1. Within 10 Å of each Cβ in A:22-33, how many Cβ atoms from other chains are there, averaged over the peptide?
2. As a test, work out the antiparallel percent of DSSP beta bridges whose residues both lie in the protein assembly as shown, rounded to the nearest 5.
3. Taking every alpha carbon pair in segment A:34-171, what does the distance histogram look like in 10 angstrom bins from 0, in percent?
4. About its Cα centre, how strong a charge dipole does segment A:21-114 have in debye, to the nearest 20, once Lys and Arg get +1 and Asp and Glu get -1 at the Cβ?
5. Given the options A:94, A:23, A:63, which has the most mean-square fluctuation in a GNM of chain A, springs set between C-alpha atoms less than 10 angstrom apart?
6. Would you work out the charge dipole size for the protein assembly as shown about its Cα centre, treating the Cβ of every Lys and Arg as +1 and the Cβ of every Asp and Glu as -1, and quote it to the nearest 20 debye?
7. Just B:112, B:93, B:12 to compare: in a GNM of chain B, with alpha carbon springs under 10 Å, which one fluctuates most?
8. For the Cα atoms of chain B, what angle does the longest principal axis make with the long axis of helix B:103-133, in degrees from 0 to 90, nearest 10?
Amino acid sequence: MRIGLIIAFFALVALLAIGLTRNPREVPSPLIDKPAPAFDLPRLAKEGRFSPAEMRGKVWLFNVWASWCVSCREEHPILVEFAKTRRAPLIGLNYKDPRDDALKWLARYGDPYEFSVVDADGRIGIDYGVYGVPETYVIDRAGVIRYKQIGPVTPDVLAKKIVPLIEELER
Amino acid sequence: MNLRGWWLAAVLLPLAVLAREAPPVAADEQVEQRLVRISEELRCLVCQNESLAASRAELALDLKREVRELIKAGKTDDEIRDFLVKRYGDFVLYRPPLKESTLALWLGPFALLVGGVAVAAVFIRRRRAAQQASLSAEDERRADALLRGEDRT
């Protein structure tokens, strides 16, 4: 009996300890392995519009950012470095951001994006299940979302998850 | 009215003119009521322990705007919930559906209850057995005697 109680106690401690290591903010996205939602949005810097269908046949990254977003600052240098490697096209979704602020932000911290598109009222963000900027999607040649990074991309995530995934998808 | 009363009236009267009735929150009362009913059962993803109805987070306001438009477009409650589940997963529902991934969530509390009752039953049974064993025939005789108030030795 006593041994049983001790075992039960440690099992409970182990269960709760595992629970503590998990991040409740990371809600698994139901969009993984689903086609990336279509949209047609104006570009941020230049004239013209963009829709994800134009990226068919390419593996690409779709990064949701905003100038008001604090963790985007943290992630930005990593994206700038990534863009230099030209590993895959990186397209930005400027989420609920005044245009001037967004342009100023890019001028100040560097622009790693091929281009960014403007989601002024956050509607496309909702279609992509965005709930905390920054978020980053890896989209395959067929236009299917294969990975979603919730929160900033770290060098670790980039090296261990995103880049290997791009390699796998391009094979 | 004395002088003080006049003063008070002079100060308060312009305020009364300025005061207006609070404008209705939304033109369509019915839409708002349905919005509240639906969003009370939805979780805000930003402040996860708050319902969508209660949350003032930016995303919550955007999602309520979306829900409001779906209501106006004549969607049913199920269709609206489905819209959000497709984008954010079952996590947005305070009553997630019963399926493989939510089995532990739905049945876990009952499993714990059954386990707890079983442990309690074993514990109680053992204690009872221990109590019964502690009275020998001699003890019983003495206890009877004490109860009857006879022998005090």
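Since every read-out is calculated from the coordinates, none of them should be taken as a lab result. Note that the structure is predicted; figures quoted are calculated from it, not measured. Cβ atoms come from the backbone with ideal geometry, glycine included; neighbour counts cover every protein chain shown.
1. Per residue, the number of nearby Cβ atoms from other chains is 3 on average.
2. Close to 60 percent.
3. Here the calculated profile for segment A:34-171 is 12, 48, 36, 4.
4. Here the size comes out at about 140 debye.
5. Maximum fluctuation in the GNM of chain A, among the listed residues, is at A:23.
6. Working: 48 positive and 45 negative charges, 105 e Å.
About 500 debye.
7. Result for chain B, Cα springs under 10 Å: B:12 fluctuates most.
8. Its long axis makes an angle of about 30 degrees.
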